[in-house]
Amino acid sequence: MARPVIALYQFSRRRFSDSLRIFFFFPTALALFSSLTIFFYISSTSSLFARPHHLRLQPPPPPPPFSFRGSRNVSRRPPVSPKKADVLQVARSSSADCGGNGGRGRSTQILQLQPNGNFVNNEVFHDRDIFLEDYKAMKRGFKIYVYPHRRDHPFANALLPVTFEPGGNYASESYFKKVLMKSHFTTKDPYKADLFFLPFSIARLRHDDRVGVGGIQDFIRDYIFNISQKYPYWNRTGGADHFYAACHSIGRSAMEKADAVRFNAIQVVCSASYFLSGYIPHKDACLPQIWPRQENPSNLDSSKRTKLAFFAGSINSPVRERLLQVWANDSEIVVHFGRLNTSYADELLNSKFCLHVKGFEVNTARIADSIYYGCVPLIIANHYDLPFADILNWKSFSVVVATLDIPLLKSILKSISSQEYKTLRENVLKIRKHFRWNTPPVDYDAFYMVMYELWLRRSSIPPLLLGTSSAHSQ
């Protein structure tokens, strides 16, 4: 009995061993075959294994935007001796300069050569030619329908434009609506409109005793319900071709009971932070917060700026607390909290860099202040979707520093050469016109720049129109 059992055991062991060998052989062979195939493909299609004299040199790609320490990402170029060339000029066809006569001409992009062999782009636009061409198309055909309201409406104060000249910290909201309502962009035919404007004013509702801060959410919810019942335009797109403008930070929470506005409509707001879930950069747009000023400073072009950097403001955020903690007693970086004993304008005019530091929100009017007074903005506000970021190359006229790098401010600023600073400041003077409100508007001013941002966001899918414009009755 024992001998058959032993024979059966040996037979089973041999069969199992053969199966095991076969089990490992096929995957191993398959892996080897795959590796050889991949190696052969790479060697036959790539220049990785080519000898140097067989390689064809390709022209280097264009450099990325101008940047400084903290985001120094300029592309490497083959070393070029500064004796041979310190400036590379690239000529191309384009429209005339912004604010010019609109004729065709040749624009020149200046790429400056750094001592380390890097070229940096000092152009203030991401793509100047595209902007100028699109700008003309925007002025020619962009149309906005504004929901109409009578002057005897109970909330005419919040729905109609102000009759006075706007002023103060949140004037941008009122300026935009006031100028829009008198512009050629508006149309009374909703079927010719690219976008629809929701004309309620958050700033005015905030100070209305009938609404106040606590009642704004209900007001917005009811307003959207009313226009969706009275007109067909909201319902056909879910509000995707509608927009509103607000500069006070309460504008964000005002939409808490109107989710369709937050997630579908275009929000043109000063508190533009892509860290917050309610703001979507490719859908929404930043409204620049600008304190209105009309006359130019008399000594704007003066090069006598004795202070390295300047900031004045209240302590209303951990970021500002950190700034005070590190630089309160420094002689070159002036940080002042509380009421100034000197002129705010003079402080900005006497400083090379002017700090914009996040407070309650990422936005303040300090960026526009610094630009107005010819001071290079130094921005410390993580997640800030900067105004006109789709158009302007902020690295060419400002310095953006992460909050964690506040202790490194002085070393960052002193690492900027005199030539780099000169380029920054020249570019600040070039873009001043984009950060000013005018009535009536002036080409390329803040109003036209906001309109261009809206033009970029107009719907590319035309809504299903039911009926004709003549069938619509207001």
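Across region 228-254, what is the total count of residues that are without any contact (Cβ under 8 Å) to a residue 40 or more places away in the chain and outside any helix (DSSP H, G or I)?
Here the count works out to 2.
Find the residue count for region 374-425, including only residues that are surrounded by 15 or more Cβ atoms within 10 Å (Cβ to Cβ) and under 30 Å from Asp284 (Cα atoms).
31
I'm trying to understand the selection: among the residues of region 184-221, which are open to solvent by less than 20 Å² (accessible area, probe 1.4 Å), within 25 Å of Ala240 (Cα to Cα), part of a loop (DSSP other than H, G, I, E, B) and not hydrophobic (A, V, I, L, M, F, W, C)?
Pro199, Ser201
Name the residues in region 263-278 that are buried (at least 21 other Cβ atoms within 10 Å of the Cβ) and not polar (S, T, N, Q), would you?
Matches in region 263-278: Ala265, Ile266, Val268, Val269, Cys270, Ala272.
Pairs under 9 Å by beta carbon, first residue not assigned by the TED database to the domain that holds Val269 in region 197-210, partner of a type outside the set (Asp, Glu), six or more apart or different chains?
From region 197-210, no pairs qualify.
The values are calculated or read from the model by the stated rules, or taken from the named source; none is laboratory data. Every value quoted in this text rests on a predicted model; they were computed, and no experiment measured them. Glycine also receives a Cβ, built like all others from the backbone with ideal geometry; neighbour counts cover every protein chain displayed. Remember, those area values only see protein heavy atoms, side chains included, never the ligands or the DNA or RNA. Shrake-Rupley method; radii C 1.70, N 1.55, O 1.52, S 1.80 Å.
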